[in-house]
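In what follows, a single structure is set out as structure tokens and then discussed.
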Amino acid sequence: MNAADDDTQIELSEREEILRRMPGISDAEMPFRGDRLTREHLMREAARSERTAPSRRSKRPLFISLGVVAAACAVAVAFTLGGNGPGDHLEAAKPDPAAVQLLDRIALAAAETSAPAVRDGQFLYTKTSGHSTSLSEVAGGEMEPARTDESAEQWVSVDGSAKTMTRTAKGTEVDPQTDPGQGKPSINGPTYRFLESLPTDPDKLLELIYADTRLNHGKDSGSTTGPDQEAFVAIGDLLRTMEAPPGVSAALYRAAARIPGVVMVPDSTDSVGRAGVAVARVHKGERTEWIFDKSSLRLLGERTLLLKDSAWGKAGTPVTSVSIVARGVTDRAGQLPRQ
């Protein structure tokens, strides 16, 4: 065994130890086919390929219309999804087995939570704290990165009967695109009632999400990102924007485990300093992470980390990092939840 194999074995041991300590299923109950030897082989291949896989770059809003998000494939265990699968448009990297197992444990934890007690006319409240990064032209024509505070409080109508209200340090605004007369709720503009209507079968749910991402980011769309990346981003948006019904949350996590290129990051930190474990994808030198508490497996937030120096900053810089600070239900927009 050479030095590279030794390093890989150490890395795999650390990942397995993290998973072993978490609540949820055992190795024998992993949610994909294959015995332990197959799993270990895939994990070795994934660990080796993470060091050499090519990457691409993208940006997208993080919190409704706020921030920068990037995601894409990063584990070069190549395969072709079947003609009926969500990624039948290209050859892509299999999800990291460690990420698949972690997401299944997160799904189990999500399914055991209590659904928020809501009624039509109420609002789902979410408070976030964090920042995004933008590029501004300075003297000489050079581009300089600058941070923008993305801390916000948001009220989303349970049934879509009122507009979404967002309060930041700059003031309070109402999103005109959420006007009840502007159209029906959708994957990109959900309400709680819409989330309740989504399938809890992860395959059906993922196909629904891919129907949108293929249309807007598939072949001949002109998009530079692609359906897989946008599916990952769409799921992250749904999970972060508001609290979803437990069964739908669990299905979203299991759907994410089927997206090519999903990997596990053993250690990550959110914008308010909370340590956790992350599920991530890499795109053009940036890694987008969903960060979870290692004990409860509750979603803490999301960040996009630079993996190499660029105009956006030095490697290791979180260009976007937004954490979920509080959630609740209120009777009207602008009101704080009861403690």
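The values are calculated or read from the model by the stated rules, or taken from the named source; none is laboratory data. No experiment lies behind these values; they were computed from the predicted model shown. All Cβ positions, glycine included, derive from the backbone under ideal geometry; neighbour counts span all protein chains shown. In case anyone asks, the SASA skips ligands and DNA or RNA and just uses the protein heavy atoms, side chains included. Shrake-Rupley method; radii C 1.70, N 1.55, O 1.52, S 1.80 Å.
At a Förster distance of 22 Å, what's the computed FRET efficiency of residue 330 paired with residue 193, Cβ-Cβ distance as r, to 0.05? FRET efficiency, residue 330 to residue 193: 0.85. Around the amide H of residue 150, modelled in the peptide plane, lie the amide H atoms of 130, 131, 132, all under 5 Å away and 5 or more residues distant in sequence or on another chain.
Stretched out straight at 0.36 nm per residue, the stretch from residue 275 to residue 113 would grow longer than its current Cα-Cα span by 56.2 nm. Judged by the ratio a/c of the largest to the smallest principal axis of the C-alpha gyration tensor, segment 116-233 counts as oblate, that ratio being 1.5 or greater while a/b is no larger than b/c.
Applying the criteria of a DSSP loop state and at most 14 other Cβ atoms within 10 Å to the trypsin sites (Lys or Arg not before Pro) of segment 105-160 yields 119. Phi angles of segment 198-212 translate, via the Karplus equation with coefficients 6.51, -1.76, 1.60 and θ = phi - 60°, into HN-Hα couplings of 6, x, 9, 7, x, 5, 5, 5, 5, 5, 4, 5, 5, 4, 6 Hz per residue; Gly and Pro are given as x.
What residues of segment 263-291 lie in the reach of a label at residue 298, counting those whose backbone N is under 15 Å from a point 7 Å from the Cα along Cα→Cβ? Flagged as within label range: 270, 272-277, 291. Amide H contacts under 5 Å for residue 298: 293, restricted to partners 5 or more places along the chain or on a different chain, H placed in the peptide plane at 1.01 Å from N.
Amide H to amide H, with H built 1.01 Å from N, residue 265 comes under 5 Å of 278, 279, 280, counting only residues 5 or more places away or on other chains.
Across 205, 215, 336, 108, the residue with the most accessible area heads the list, and the full order at a 1.4 Å probe is 215, 336, 108, 205. When the GluC sites (Glu not before Pro) in segment 152-226 are filtered for DSSP coil states and for at most 16 other beta-carbon atoms within 10 Å of their beta-carbon, no site remains. For the residue pairs 127/308; 94/184; 94/219; 94/284; 127/219, the C-alpha atoms sit more than 28 angstrom apart in 127/308; 94/184; 127/219. Here the Karplus curve 6.51 cos²θ - 1.76 cosθ + 1.60, taken at θ = phi - 60°, turns the phi angles of segment 107-119 into couplings of 5, 4, 5, 5, 5, 8, 6, 8, 5, x, 7, 10, 9 Hz, with x standing for Gly and Pro. Per residue, segment 110-212 exposes 55 Å² of solvent-accessible protein surface, assessed with a 1.4 angstrom probe and all protein chains in place. Here the extension length gained between residue 167 and residue 215 equals 14.0 nm, from 0.36 nm per residue of separation less the Cα-Cα distance. When the charge dipole of segment 249-291 is built from unit charges on Cβ atoms (+1 for Lys and Arg, -1 for Asp and Glu) and taken about the Cα centre, the candidate among 277, 249, 264 whose Cα reaches farthest toward its positive end is 249.
Tell me, what HN-Hα J-couplings in whole Hz come from the Karplus equation 6.51 cos²θ - 1.76 cosθ + 1.60 at θ = phi - 60° for each residue of segment 141-157, using x for Gly and Pro? Taking θ as phi minus 60°, the curve returns x, 7, 9, 10, x, 9, 7, 10, 5, 10, 5, 7, 10, 9, 10, 10, 4 Hz for segment 141-157. Mind running the shape call on segment 278-339? Use the C-alpha gyration tensor, a ≥ b ≥ c as the square roots of the eigenvalues: rounded below 1.5 for a/c, prolate if a/b tops b/c, oblate otherwise. Cα axes put segment 278-339 in the prolate bin.
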